[in-house]
Amino acid sequence: MSDEHTVKSFDGEINRLNDVIIEMASLTKEQVRDAVTVVVKRDSELAGEIIEKDPAINNLELESHELTMRLLALRQPVAIDLRNIVVSIKISSDLERIGDYAANVAKRALVLNQLPPVKQARTIKNMGRVTYDLLKDVIDAYEHQDVKKALDVWHRDEEVDDMYTSIFRELLTYMMEDTHNITACTHLLFIARNLERIGDHATNIAEDIHFMIKGKPPTGRRPMGDVDGEFDIFDH
Amino acid sequence: MTNPDNNSSNGKPVFPQEKIKIACKRVNVYYGDKHAIRDVNLEIGKNEVTAFIGPSGCGKSTFLRCINRMNDTIDICRVEGEIEIDNENIYDKSLDVVLLRARVGMVFQKPNPFPKSIYDNVAYGPKIHGIASTKGELEGIVETSLKKAGLWEEVNDRLDQPGTGLSGGQQQRLCIARAIAVQPEIILMDEPCSALDPIATAKIEELIEELKENYTIVIVTHSMQQAARVSQKTAFFHLGDLVEYGETEDIFTNPVNKLTQDYITGRYG
Ligand SMILES: Nc1ncnc2c1ncn2[C@@H]1O[C@H](COP(=O)(O)OP(=O)(O)O)[C@@H](O)[C@H]1O
Ligand SMILES: [Mg+2]
């Protein structure tokens, strides 16, 4: 949003809203990074920190909603301003969900840390890195209004979905091999599922950025928002 | 966002032939040496509300006045190009301007009732155009027009009182009733609410919504919100150029032109 409004305080309020979203985004990004570390390094202390920090993200979401309401009521925004504000509502709710998933990963990691280590925890490391990169890039795209980067994220989500599918298969085999692994592997499965959902929300954000800048959603083949039905046992 | 019935191409609405009420072709307007409207091509849809927006002095009123040849009354004003209403060029020499003005009514920024009774204000037009042949018929037209203008309930017990004694909003609805009384096809409105309070404005906007069932309406407004609320199509003018014309929804969510965007979002100089 390059040019300034004739009414300067309008710019002030819009900038404030965008700052809150960016603050929320960087906090969420750290949470996801730390959640993956917790699983890989079996770091229960860090897990506790993640769980403690989650409410801060929720509070930022509420703050962004208040700013949004105020802008809509007092400024009657249109065109780029309207799209920016509407997209802020959507992005803040995606970030809030991502924060929840990160906290959920931390909670499951705490349980895992009580169990003997399983080698599959390492496969989470890869998926965690790819998911984190996706999130980091989409947040960069938002900060710099970079449609190209947003589109790139939009296309890359499939990678996370594929990883999830293969981890699912791998864990399943492992559980069948030795029933002692079932508890740990179930938690790992849920963790992988959480990461996969984080990827989906990052993809939503990528779509929103495209809409904000271009005024329409991205075209072309829509990446699958969800993994195959056969693996959808965790929904509802 | 795009309505398949209104297949806009490149931001410009494309009407099927039978939906076009007014077709403006290469319209140029000059006041002496001043080039006030530059080569404007624009089609206006039947039974729709079309809004003209743009900064002061960009030519909205000038262009609006071309549609009923009101500019003819300004000596130094020269209009070039063609404006067709129902495929008939209104600048054709054989056209009767008095009849044209009956087909194309106009409502102005400042309510301007005649210094006569409420009844006479509305009855005047039908009388001079010979629309009513009996007193009873005339009374019928006055009543229907006042009803269509949403004023009947408020004035039916004092039709003999002067129109100038009404409130601003009532006067403006009286002017709309006066315009309707001659059974026009098109109603031009030049900032009809700029002298009215929010309640009176809301009543006029509600009226516009109802009137579009039977009339084609073109409204000049400097309230962006009003254009967004009442119109189906919006045309944005700047320094005499038609910069952008399209579905109102598209103009206010995703305008194509940067000038339009700057103007409607309040980034204009
Ligand atoms: N009667 C007139 N004589 C000379 N110039 C005029 C006259 N009416 C309008 N203009 C000029 O034409 C331009 C367009 O004016 P107008 O149509 O009234 O703009 P708008 O309605 O968009 O504010 C302005 O520069 C204005 O000064
Ligand atoms: Mg004007």
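Which members of the stretch B:88-130 meet the condition of being charged (D, E, K, R) and within 22 Å of B:Thr62 (Cα to Cα)? Residues satisfying the conditions are B:Glu88, B:Asp92, B:Lys93, B:Asp96, B:Arg101, B:Arg103, B:Lys110. Restricted to the stretch B:200-249, the set of strands (runs of 3 or more DSSP E) holding at least 1 residues that are open to solvent by 10 Å² or more (accessible area, probe 1.4 Å) comprises B:233-238, B:241-247. Within the stretch A:1-10, the presence of at least one residue that is within 14 Å of another protein chain (Cβ to nearest Cβ), part of a helix (DSSP H, G or I) and either crowded, with 19+ Cβ neighbours inside 10 Å or in contact (Cβ under 8 Å) with a residue 40 or more places away in the chain (or both) is confirmed. Scanning the stretch B:94-111 for residues that are surrounded by fewer than 15 Cβ atoms within 10 Å (Cβ to Cβ) and either polar (S, T, N, Q) or in contact (Cβ under 8 Å) with a residue 60 or more places away in the chain (or both) yields B:Ser94, B:Lys110. Considering only residues in the stretch B:52-72 that are of a type in the set (A, V, I, L, M) and within 13 Å of ligand 2 (Cβ to nearest atom), the one that is modelled with the lowest pLDDT turns out to be B:Met70.
Would you pick out the residues in the stretch B:74-110 that are within 16 Å of ligand 2 (Cβ to nearest atom) and within 19 Å of B:Thr216 (Cα to Cα)? Steps first, please.
Step one: filter the stretch B:74-110 for residues within 16 Å of ligand 2 (Cβ to nearest atom), giving B:74, B:77, B:106-110.
Scanning the stretch B:74-110 gives B:Met106, B:Val107, B:Phe108, B:Gln109.
Conditions (1) closer than 17 Å to A:Thr131 by Cβ; (2) free of Cβ contacts under 8 Å to residues at least 24 places away in the same chain, marked per residue:
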{"site": "A:Glu23", "(1), (2)": "no, no"}
{"site": "A:Val38", "(1), (2)": "yes, no"}
{"site": "A:Arg42", "(1), (2)": "no, no"}
{"site": "A:Ala47", "(1), (2)": "no, no"}
{"site": "A:Leu62", "(1), (2)": "no, yes"}
{"site": "A:Glu66", "(1), (2)": "no, yes"}
{"site": "A:Arg70", "(1), (2)": "no, no"}
{"site": "A:Arg75", "(1), (2)": "no, no"}
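Taken as a whole, the stretch A:101-110 holds at least one residue that is assigned to a helix (DSSP H, G or I), more than 20 Å from A:Asp140 (Cβ to Cβ) and touching a His at 6+ places or on another chain (Cβ under 6 Å). So is B:Ile37 within 11 Å of ligand 1 (Cβ to nearest atom), part of a strand (DSSP E or B) and open to solvent by less than 50 Å² (accessible area, probe 1.4 Å) or not? In short, yes. Of all residue pairs spaced 6 or more apart or on separate chains, those with beta-carbon atoms under 8 Å, a first member in the stretch B:202-223 that is at negative phi and without any contact (Cβ under 8 Å) to a residue 40 or more places away in the chain and a second member that is within 16 Å of ligand 1 (Cβ to nearest atom) and open to solvent by 40 Å² or more (accessible area, probe 1.4 Å) are B:Ser223/B:Ser194. Within the stretch A:36-53, the set of residues being surrounded by fewer than 21 Cβ atoms within 10 Å (Cβ to Cβ) and assigned to a helix (DSSP H, G or I) comprises A:Thr37, A:Val40, A:Lys41, A:Ser44, A:Glu45, A:Leu46, A:Gly48, A:Glu49, A:Ile51, A:Glu52, A:Lys53.
Apart from one condition, B:Asn89 fits all of (1) without any contact (Cβ under 8 Å) to a residue 60 or more places away in the chain; (2) away from ligand 1 (no atom under 16 Å from the Cβ); (3) crowded, with 20+ Cβ neighbours inside 10 Å; the exception is (3). Of everything in the stretch A:11-56, what is of a type in the set (Gly, Ala, Ser) and within 14 Å of chain B (Cβ to nearest Cβ)? Give them in sequence order. Of everything in the stretch A:11-56, just one residue is of a type in the set (Gly, Ala, Ser) and within 14 Å of chain B (Cβ to nearest Cβ), namely A:Gly12. Apart from one condition, B:Ile264 fits all of (1) open to solvent by 30 Å² or more (accessible area, probe 1.4 Å); (2) within 12 Å of another protein chain (Cβ to nearest Cβ); the exception is (1).
Checking each residue in the stretch A:84-98 for being in contact with a Phe, Trp or Tyr (Cβ under 9 Å, 6 or more places away or on another chain) and within 14 Å of chain B (Cβ to nearest Cβ) picks out A:Val86, A:Val87. For B:Leu188, the requirement of being aliphatic (A, V, I, L, M), touching a residue at least 60 places away in the same chain (Cβ under 8 Å) and touching a helix residue (DSSP H, G or I) at 6+ places or on another chain (Cβ under 6 Å) is met.
Here the stretch B:204-230 is the region considered, the condition is being farther than 17 Å from A:Leu82 by Cβ and hydroxyl-bearing (Ser, Thr, Tyr), and the residue that is nearest to the chain's Cα centre (by Cα) is B:Thr216. A search for C-beta distances below 7 Å between a residue of the stretch B:42-66 that is hydroxyl-bearing (Ser, Thr, Tyr) and any residue that is within 9 Å of ligand 2 (Cβ to nearest atom) and open to solvent by less than 30 Å² (accessible area, probe 1.4 Å), counting only pairs 6+ apart in sequence or on different chains, returns B:Ser61/B:Asp190; B:Ser61/B:Val220. Scanning the stretch B:40-73 for residues that are polar (S, T, N, Q) and open to solvent by 10 Å² or more (accessible area, probe 1.4 Å), we see that the one that is nearest to B:Tyr215 (Cα to Cα) is B:Asn47. Are any of the residues in the stretch B:76-83 more than 19 Å from the chain's Cα centre (by Cα), within 11 Å of ligand 1 (Cβ to nearest atom) and open to solvent by less than 70 Å² (accessible area, probe 1.4 Å)? Yes, some residue in the stretch B:76-83 is more than 19 Å from the chain's Cα centre (by Cα), within 11 Å of ligand 1 (Cβ to nearest atom) and open to solvent by less than 70 Å² (accessible area, probe 1.4 Å). Among the residues that make up the stretch B:260-268, is at least one of them within 24 Å of B:Arg69 (Cβ to Cβ), more than 16 Å from ligand 1 (Cβ to nearest atom) and of a type in the set (S, T, N, Q)? No, every residue in the stretch B:260-268 fails to be within 24 Å of B:Arg69 (Cβ to Cβ), more than 16 Å from ligand 1 (Cβ to nearest atom) and of a type in the set (S, T, N, Q).
Regarding A:Asp81, is this residue surrounded by fewer than 19 Cβ atoms within 10 Å (Cβ to Cβ) and within 14 Å of chain B (Cβ to nearest Cβ)?
no
Taking the criterion of being of a type outside the set (S, T, N, Q) and without any contact (Cβ under 8 Å) to a residue 12 or more places away in the chain, the only residue of the stretch A:91-132 that qualifies is A:Lys119.
The values are calculated or read from the model by the stated rules, or taken from the named source; none is laboratory data. This one's a predicted model, so the numbers in the text were calculated from it and none came from an experiment. Reconstructed Cβ throughout: ideal geometry from the backbone, glycine too, with neighbour counts over all protein chains shown. Surface areas here come from the heavy atoms of the whole protein model, side chains and all, with no ligands, DNA or RNA. Shrake-Rupley method; radii C 1.70, N 1.55, O 1.52, S 1.80 Å.
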